[in-house]
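Below you'll find the structure I mean.
The values are calculated or read from the model by the stated rules, or taken from the named source; none is laboratory data. It should be emphasised that the depicted structure is a prediction, and the values quoted were computed from it without experimental measurement. Positions of Cβ are backbone-derived with ideal geometry, glycine not excepted, and every protein chain shown enters the neighbour counts. With ligands, DNA and RNA removed, areas are computed over all heavy atoms of the protein, side chains included. Shrake-Rupley method; radii C 1.70, N 1.55, O 1.52, S 1.80 Å.
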Amino acid sequence: MNDDLIMSNTPDTDYSQALAEGWLPIREVSRITGVNAVTLRAWERRYGLIVPHRTAKGHRLFSTEHIQRIQQILLWLNRGVSVSQIKPLLNAPAALAPAPDSDWQAWRQTMIEAISELAERRLDDCFNQAMSLYPARPLCEQLLLPLLNELEQRWQGQFGAQLERVFFHSWLRSKLGARIYHNNRSLKGAPVLLINHSDLPFEPQLWLTALLISSSHCPVEVFDAPVPGGELGLAVEHLQPRAVVLYSSKTLNTQQLPRLLQGIDCPTLIAGPTVCIHFDQLSVTTTEIAGLYLAHDPVEAHQRLSQLGLYR
């Protein structure tokens, strides 16, 4: 019998004792910081950003100092610094810390080239690597949202644009849908219900919103097509969601909102470019309909739900 097998059959007393002393397992650190365990391990192995304590059987354990260090890493990521450039910044005084050039643009360029060549495997490999290194928020803010903007500019009047759009949107729906489905399988409680309220067959930013919410350990239910006004209340009755997000990049019939939202007794967000289009009217509507909020983009929608305490 080899040492690994002997070890696997031996109780890890070091682990139990460390937990009693206040050390935290990786699953708890993931819950506290919002950084999944795969990413924490990648930060340790590839960049030495976090060096947890290890028990005799190899369990990772973290202290409050580790939590603070992870939060520092997240601050730099949210400022647009790439993960490979963060280590020397962690010990530098904040006022003296340099602002290194970000390599997010290189990531985006690699993905655009893969999209232009319909190279699904290359696109998939690039995104998988980024997803393993970055939490959902910087991934969306620094990679995916700018990428969507660059693609929309690229697709203006270009031959082959519709082909690229269909290819990328199909890939993105499959990729994010699989991640969200996997997360949902391990989560309990009422979901956030997200509805595509445009007449478009696919709204990428709706799915980014779903990814951000899902990354906060909250189940999500995505309806990728408009729900008739008279049936939204039925969906809410069946699903009992903790919130509803109506996402649209098109014009909205604001006069029908009171009827559409009738009978919904949970917080409701209207999100997307439609908020910019109808901002004045919608701002008035939020004062008339209790529990109605606005969000311009996925990050703001995610923050608004967090402020409402819906991720607890």
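For ARG137, work out the one condition from (1) open to solvent by 60 Å² or more (accessible area, probe 1.4 Å); (2) of a type in the set (D, E, K, R); (3) under 20 Å from ILE86 (Cα atoms); (4) without any contact (Cβ under 8 Å) to a residue 24 or more places away in the chain it doesn't fulfil.
Unmet for ARG137, out of (1) open to solvent by 60 Å² or more (accessible area, probe 1.4 Å); (2) of a type in the set (D, E, K, R); (3) under 20 Å from ILE86 (Cα atoms); (4) without any contact (Cβ under 8 Å) to a residue 24 or more places away in the chain: (4).
I need the full set of residues from segment 34-85 which are within 21 Å of the chain's Cα centre (by Cα) and assigned to a loop (DSSP other than H, G, I, E, B), in order please.
Once the filter is applied, which keeps residues that are within 21 Å of the chain's Cα centre (by Cα) and assigned to a loop (DSSP other than H, G, I, E, B), segment 34-85 yields GLY34, VAL35, ASN36, ARG79, GLY80, VAL81, SER82.
Looking at segment 143-167 only, could you name the residues that are under 18 Å from SER249 (Cα atoms) and either of a type in the set (D, E, K, R) or touching a residue at least 40 places away in the same chain (Cβ under 8 Å) (or both)?
Hits for segment 143-167 are LEU144, LEU145, PRO146, LEU148, GLU150, GLU152, ARG165.
Pick out the one residue from LEU151, LEU176, LEU147, LEU118 that is of a type in the set (A, V, I, L, M) and at positive phi.
Result of the check over LEU151, LEU176, LEU147, LEU118: LEU118.
To continue, here is another question. Give the residues of segment 182-195 that are surrounded by 12 or more Cβ atoms within 10 Å (Cβ to Cβ) and within 25 Å of VAL38 (Cα to Cα), sorted by residue number.
Matches in segment 182-195: ASN183, ASN184, LEU187, PRO191, VAL192.
How many of the residues in segment 174-195 are aromatic (Phe, Trp, Tyr) and part of a loop (DSSP other than H, G, I, E, B)?
Summing the residues that are aromatic (Phe, Trp, Tyr) and part of a loop (DSSP other than H, G, I, E, B) in segment 174-195 gives 0.
Can you name every residue in segment 35-71 that is of a type in the set (Gly, Ala, Ser) and surrounded by 13 or more Cβ atoms within 10 Å (Cβ to Cβ)?
Listed by number, the residues that qualify are ALA37, ALA42, SER63.
For segment 108-118, does any single residue satisfy the condition of being surrounded by 13 or more Cβ atoms within 10 Å (Cβ to Cβ) and within 22 Å of GLU300 (Cβ to Cβ)?
yes
Looking only at residues in segment 284-312 that are aliphatic (A, V, I, L, M) and assigned to a strand (DSSP E or B), which one is nearest to PRO258 (Cα to Cα)?
Of everything passing the filter in segment 284-312, LEU292 is nearest to PRO258 (Cα to Cα).
Give segment 196-236 a look and list any residue that's in a loop (DSSP other than H, G, I, E, B), surrounded by fewer than 19 Cβ atoms within 10 Å (Cβ to Cβ) and touching a strand residue (DSSP E or B) at 6+ places or on another chain (Cβ under 8 Å), or say none.
PHE202, ASP224, ALA225, PRO226
Just need a number here: residues in segment 251-277 that are touching a Ser or Thr at 6+ places or on another chain (Cβ under 9 Å), surrounded by 20 or more Cβ atoms within 10 Å (Cβ to Cβ), over 19 Å from TRP207 (Cα atoms) and without any contact (Cβ under 8 Å) to a residue 40 or more places away in the chain.
The number of residues fulfilling the criteria is 2.
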